[in-house]
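The structure appears right after this line, and notes come after that.
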Amino acid sequence: MKGCPKCKSNMIIDIVYGFPSRKMCDDATSNKINLGGSVKELKSPDYKCKSCGYEFRELDRFFKN
Ligand SMILES: [Zn+2]
């Protein structure tokens, strides 16, 4: 179960990288995903919290504890 490391909300969406397809654009419009741009870099976040807007990576959760 994904949760926001900042506000503990579970309203987390994926940040998707790469050239957006039609479906990705639709999903982004309906807030199911967040478009992160065409290139994913090492420090690019994987998830975004819909409650507080915080962006984080999968690994950040492990460093937290
Ligand atoms: Zn949050």
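The values are calculated or read from the model by the stated rules, or taken from the named source; none is laboratory data. Just so you know, these numbers come straight off a predicted model, no measurement behind them. Cβ atoms come from the backbone with ideal geometry, glycine included; neighbour counts cover every protein chain shown.
Report, by residue number, each residue of segment 4-17 that is within 16 Å of the ligand (Cβ to nearest atom) and either under 11 Å from the mean Cα position of the chain (by Cα) or charged (D, E, K, R) (or both).
The first filter runs over segment 4-17 and keeps only residues within 16 Å of the ligand (Cβ to nearest atom), leaving 4-15.
Scanning segment 4-17 gives CYS4, LYS6, LYS8, MET11, ILE12, ILE13, ASP14, ILE15.
For segment 18-55, what are the residues that are surrounded by 13 or more Cβ atoms within 10 Å (Cβ to Cβ), within 16 Å of the ligand (Cβ to nearest atom), polar (S, T, N, Q) and assigned to a loop (DSSP other than H, G, I, E, B)?
If the condition is that a residue be surrounded by 13 or more Cβ atoms within 10 Å (Cβ to Cβ), within 16 Å of the ligand (Cβ to nearest atom), polar (S, T, N, Q) and assigned to a loop (DSSP other than H, G, I, E, B), then SER51 is the only one that fits.
Return the residue satisfying two criteria in turn: it lies in segment 56-65 and is surrounded by 12 or more Cβ atoms within 10 Å (Cβ to Cβ) and at pLDDT 70 or above, and of such residues it is nearest to ILE12 (Cα to Cα).
By that ranking, first place goes to PHE56.
What pairs come up if the first residue lies in segment 19-41 and is closer than 18 Å to CYS52 by Cα, the second is of a type in the set (S, T, N, Q), and their beta carbons are under 9 Å apart, counting only those six or more places apart or on different chains?
The qualifying pairs are ALA28/ASN34; GLY36/SER44.
Looking at segment 22-50, which of its residues are at pLDDT 95 or above, more than 12 Å from the chain's Cα centre (by Cα) and of a type in the set (S, T, N, Q)?
Hits for segment 22-50 are THR29, SER30.
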